[in-house]
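*Asks:* The structure follows.
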Amino acid sequence: MASEIWGERWASSTSDIARRYMEVASRKQSLVCLAADRRTMAGLFELIDSVGPYLAALKTHVDLVDDWTPESWSDFCEKARDADLLIFEDRKFADIGKISRDQMAGVYDIRSWSDLVTAHLISGPDIVDGLQSGWDDVGRSGGVLLLAQMSSRGNLLNPNYTDEVVAKGKSHPGVFGFIGNGSSPEELIELRLKVGSEKLIWTPGVNLVVGDGEMGQRYGHPRDAVLAGSDCIIVGSGIHRSDNPTESAKEYAQSSWNALLERES
Ligand code: 5BU
């Protein structure tokens, strides 16, 4: 089923994690990755209970939870797996390779529970090997999304920088995709042309209400992002701050899924 739905993206994919994502998204008929930016463990558990069925992936910022403990986090990750979700730590690693490898360990031990992480390529391509070694160290595997664009206004990831990130990331097997700016279909179309069809594009800066968000965030519509080439919409406050997170998650799932069907037909 995933192969029919995803067409060329599936056929040209060489990455296990990308295919796992496409399978989960097809099973759940949703291209939604929830940015679970709640600051308490209770808030996170409540969220996953109410919206888990409508998501394909769960994005975390493990270091913003006030009452974090290793035990509660491990329970939370188990719940995410039970809900058939890939776990994505949006750590935006940026250091040299060997430090990034060590940062996959440490207090949060990201390597032991994440399926994917984000990284900047500002320090050079060895960061990807460092992160892959982090997963290797605990006998696990995972995938890296490189930041090729960002959604926030005034960011410094200009088109030349994007070109370099895409050129280097495209040939690295540890990179299964790129972060693109979900608030701008024009930028996404450009990015898709550069990326080709083998790797995925995941996009933050997506909301059913388009326009400016808080503190420089910008939002585009989920449908427009997918039609422009996004394979996964990353949605935070549109769901977790909604009066009815379940209904909102359903709406984002429907909008993104319908756009995918339209895009491939
Ligand atoms: P929002 O509530 O939908 O605005 O949350 C967006 C999430 O995506 C939040 O967790 C950010 O850390 C994340 N994000 C982003 O907004 N823009 C970017 O360019 C990148 C990540 Br990379």
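*Asks:* Residues in the stretch 44-58: is at least one out of contact with any helix residue (DSSP H, G or I) (no Cβ under 9 Å at 6 or more places or on another chain) and either modelled with pLDDT of 95 or more or β-branched (Val, Ile, Thr) (or both)?
*Replies:* No, every residue in the stretch 44-58 fails to be out of contact with any helix residue (DSSP H, G or I) (no Cβ under 9 Å at 6 or more places or on another chain) and either modelled with pLDDT of 95 or more or β-branched (Val, Ile, Thr) (or both).
*Asks:* If we keep just the residues of the stretch 196-207 that are away from the ligand (no atom under 11 Å from the Cβ) and not in a strand (DSSP E or B), which is surrounded by the fewest Cβ atoms within 10 Å (Cβ to Cβ)?
*Replies:* GLY196
*Asks:* Still on this structure, please answer the following. Are any residues in the stretch 208-233 among the acidic types (Asp, Glu) and crowded, with 16+ Cβ neighbours inside 10 Å, and if so, which ones?
*Replies:* ASP224, ASP231
*Asks:* Now for a separate question. Given the conditions (1) over 19 Å from the mean Cα position of the chain (by Cα); (2) part of a helix (DSSP H, G or I); (3) in contact (Cβ under 8 Å) with a residue 24 or more places away in the chain, which single one is not true for SER123?
*Replies:* All conditions pass for SER123, except number (2).
*Asks:* Going by the conditions given, is ALA35 in contact with a Gly (Cβ under 7 Å, 6 or more places away or on another chain) and either touching a residue at least 60 places away in the same chain (Cβ under 8 Å) or surrounded by fewer than 16 Cβ atoms within 10 Å (Cβ to Cβ) (or both)?
*Replies:* Yes: the conditions hold for ALA35.
*Asks:* Before we move on, is SER133 out of contact with any Ser or Thr (no Cβ under 6 Å at 6 or more places or on another chain), in a helix (DSSP H, G or I) and not basic (Lys, Arg)?
*Replies:* Answer is yes for this residue.
*Asks:* For the stretch 101-120, check the following and say yes or no: at least one residue is open to solvent by 40 Å² or more (accessible area, probe 1.4 Å), touching a helix residue (DSSP H, G or I) at 6+ places or on another chain (Cβ under 9 Å) and touching a residue at least 40 places away in the same chain (Cβ under 8 Å).
*Replies:* yes
*Asks:* So SER242 ticks every box in (1) more than 15 Å from the ligand (Cβ to nearest atom); (2) open to solvent by 10 Å² or more (accessible area, probe 1.4 Å) but one. Which box is left unticked?
*Replies:* (1)
*Asks:* Please verify whether GLU251 is open to solvent by 70 Å² or more (accessible area, probe 1.4 Å), touching a residue at least 24 places away in the same chain (Cβ under 8 Å), within 15 Å of the ligand (Cβ to nearest atom) and charged (D, E, K, R), treating the condition exactly as stated.
*Replies:* yes
*Asks:* Give THR60, THR69 a once-over and let me know the one that is more than 16 Å from SER141 (Cα to Cα) and either away from the ligand (no atom under 14 Å from the Cβ) or in contact with a Pro (Cβ under 6 Å, 6 or more places away or on another chain) (or both).
*Replies:* So the residue among THR60, THR69 that is more than 16 Å from SER141 (Cα to Cα) and either away from the ligand (no atom under 14 Å from the Cβ) or in contact with a Pro (Cβ under 6 Å, 6 or more places away or on another chain) (or both) is THR69.
*Asks:* With the checklist (1) away from the ligand (no atom under 16 Å from the Cβ); (2) on the phi > 0 side of the Ramachandran plot in hand, flag the one item LYS92 doesn't pass.
*Replies:* (1)
*Asks:* Another question about this same structure. Identify, by number, the condition in (1) within 20 Å of HIS172 (Cα to Cα); (2) crowded, with 23+ Cβ neighbours inside 10 Å that LYS98 doesn't meet.
*Replies:* So LYS98 meets the others, but not (2).
The values are calculated or read from the model by the stated rules, or taken from the named source; none is laboratory data. Everything quoted here is computed from the prediction, not taken from an experiment. Heads up, the Cβs are rebuilt from the backbone with ideal geometry, glycines too, and the neighbour counts pull from every protein chain shown. Calculation scope for accessible area: heavy atoms of the full protein, side chains included, ligands and nucleic acids excluded. Shrake-Rupley method; radii C 1.70, N 1.55, O 1.52, S 1.80 Å.
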